[in-house]
Amino acid sequence: MINCELFERHVGAFVDGELDPHTQMEFDGHLEGCPECQERMAFEGVYREQVREAGDAIAPSSLHERVRLSLQNEQPPARAALALPLVLPFASAAAVALVVGGVYANQPVDEEAAFEDVVRLHNIQLPADITVNEETGMGGEFAPPVQQVSHWFRDKGVAFPVRPAEFAQRDVRLVGARLSNVRERRAAALYYELQDGQRLTVVVTDANVQDDDTEELQVGDHSVLFRDVHGHSVPLRREGNLSYAFTGDVDRETLLRLAATARVRP
């Protein structure tokens, strides 16, 4: 069931026609009966039009200096940034996004909501931004799927290097990835397929989503964090300052095994 929160989070993909046909129809149905989301759509349309018209605008040097100082101090007020005029030149909008991003990076994350984001991302089945080609790879030359995905994320605004999880089992195959969010943080959604067609989604985020409700389980020789989210199992691995959250169409035991045996190259 599409709700307002889900519509707001994916309104860009909806406008761009990136949703699968079934999900697009669900979004259409929600939009017909929701005045608030109709207003969001109107804003999205006006904003995109203004950005296109102001695409050649150059931000003044004074703005660059204010952004630089704000990032150094790391204490810009989030509400003041969001209260700027609705229509911004493209360069100015990008600068404000940097400031707001700096604010969010220092804010605590609602752990339960973050886990829900991971499950929702898997269930909604948004299309991949990059589909892995196991034969040619980058620039017409062969590159392993993991390398293709890592390379694709380099200029996508993710604040950390994306290193996809790898599995010893040959029946788990990396097939694509998508730029996503966990709460206000940019994240990487990695899509895998098992040999029997079941799906596995691994979300990589620099948000610390571990809390008091997260269990620690021993799976063979490995320790795995775990949380149940509305009936969905979500194992969690910490790799340095990154969280790898696993969810999929498989049963809990399989997910725990995959999370425990996953390898992330340094």
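Specify the residue that is modelled with the highest pLDDT; the eligible residues are those in region 22-61 that are surrounded by 12 or more Cβ atoms within 10 Å (Cβ to Cβ) and of a type in the set (Ser, Thr, Tyr).
THR23
Looking only at residues that are in a helix (DSSP H, G or I) and open to solvent by 20 Å² or more (accessible area, probe 1.4 Å) in region 1-10, which one is nearest to PRO35 (Cα to Cα)? Working first, answer last.
In the first step, residues of region 1-10 are kept if they are in a helix (DSSP H, G or I); the result is 4-9.
With open to solvent by 20 Å² or more (accessible area, probe 1.4 Å) added as a condition, the list becomes 4-5, 8-9.
Details: CYS4: 10, GLU5: 14, GLU8: 13, ARG9: 16 Å.
So, considering only residues that are in a helix (DSSP H, G or I) and open to solvent by 20 Å² or more (accessible area, probe 1.4 Å), the one nearest to PRO35 (Cα to Cα) is CYS4.
Residue by residue through region 207-233, note down the ones that are crowded, with 18+ Cβ neighbours inside 10 Å and closer than 21 Å to ARG265 by Cα.
Residues satisfying the conditions are ALA207, VAL224, LEU225.
From the list VAL162, VAL209, VAL204, VAL175, which one is closer than 26 Å to GLU112 by Cβ, touching a residue at least 40 places away in the same chain (Cβ under 8 Å), β-branched (Val, Ile, Thr) and part of a strand (DSSP E or B)?
Working: VAL162 fails: part of a strand (DSSP E or B); VAL209 fails: part of a strand (DSSP E or B); VAL175 fails: closer than 26 Å to GLU112 by Cβ.
That would be VAL204, the only listed residue that is closer than 26 Å to GLU112 by Cβ, touching a residue at least 40 places away in the same chain (Cβ under 8 Å), β-branched (Val, Ile, Thr) and part of a strand (DSSP E or B).
Is it the case that some residue within region 179-192 is part of a loop (DSSP other than H, G, I, E, B) and closer than 28 Å to ARG227 by Cα?
Our first condition is that a residue be part of a loop (DSSP other than H, G, I, E, B); within region 179-192, this holds for 183-184.
Now narrow it down to the ones that are closer than 28 Å to ARG227 by Cα: 183-184.
Within region 179-192, one or more residues are part of a loop (DSSP other than H, G, I, E, B) and closer than 28 Å to ARG227 by Cα.
May I ask you to list the residues in region 167-178 that are modelled with pLDDT of 90 or more and either β-branched (Val, Ile, Thr) or crowded, with 17+ Cβ neighbours inside 10 Å (or both)? Don't jump to the end; show me each part of the working.
Our first condition is that a residue be modelled with pLDDT of 90 or more; within region 167-178, this holds for 172-178.
Matches in region 167-178: VAL172, LEU174, VAL175, GLY176, ALA177, ARG178.
Using the structure shown, decide if GLU141 is modelled with pLDDT under 80, among the charged types (D, E, K, R) and closer than 16 Å to ARG238 by Cβ.
On the way: modelled with pLDDT under 80: yes; among the charged types (D, E, K, R): yes; closer than 16 Å to ARG238 by Cβ: no.
Criteria not met by GLU141.
Here is a yes/no grid of residues against (1) under 15 Å from VAL203 (Cβ atoms); (2) open to solvent by less than 20 Å² (accessible area, probe 1.4 Å); (3) at pLDDT 65 or above:
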residue: GLY102; (1), (2), (3): no, no, no
residue: PRO108; (1), (2), (3): no, no, no
residue: ALA114; (1), (2), (3): yes, yes, yes
residue: GLN125; (1), (2), (3): yes, no, yes
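Give the residues of region 237-266 that are part of a strand (DSSP E or B), basic (Lys, Arg) and either open to solvent by less than 10 Å² (accessible area, probe 1.4 Å) or in contact with a Lys or Arg (Cβ under 9 Å, 6 or more places away or on another chain) (or both), sorted by residue number.
As a first pass, look at region 237-266 and keep what is part of a strand (DSSP E or B): 237-239, 242-248, 263.
Okay, now just the ones that are also basic (Lys, Arg), so 237-238, 263.
Once the filter is applied, which keeps residues that are part of a strand (DSSP E or B), basic (Lys, Arg) and either open to solvent by less than 10 Å² (accessible area, probe 1.4 Å) or in contact with a Lys or Arg (Cβ under 9 Å, 6 or more places away or on another chain) (or both), region 237-266 yields nothing.
Inside region 214-236, can you point out the residues that are assigned to a strand (DSSP E or B) and of a type in the set (Val, Ile, Thr)? Don't jump to the end; show me each part of the working.
Within region 214-236, the first condition is being assigned to a strand (DSSP E or B), and the residues that meet it are 215-219, 222-229, 232-236.
Passing the criteria: VAL219, VAL224, VAL229, VAL234.
Across region 140-165, which residue is least open to solvent (accessible area, probe 1.4 Å) among those that are over 22 Å from ALA207 (Cα atoms) and not aliphatic (A, V, I, L, M)?
Ranking the candidates gives GLN148 first.
State whether the residues of region 188-195 include one that is closer than 23 Å to SER150 by Cβ, open to solvent by less than 30 Å² (accessible area, probe 1.4 Å) and more than 17 Å from the chain's Cα centre (by Cα).
yes
The values are calculated or read from the model by the stated rules, or taken from the named source; none is laboratory data. Bear in mind the structure is a predicted one, so any value in this text is a computation, not a measurement. Neighbour counts run over all protein chains shown; Cβ positions are idealised from the backbone, glycine included. When the accessible area is computed, the model is the full protein with side chains, heavy atoms only, and any ligands, DNA or RNA have been set aside. Shrake-Rupley method; radii C 1.70, N 1.55, O 1.52, S 1.80 Å.
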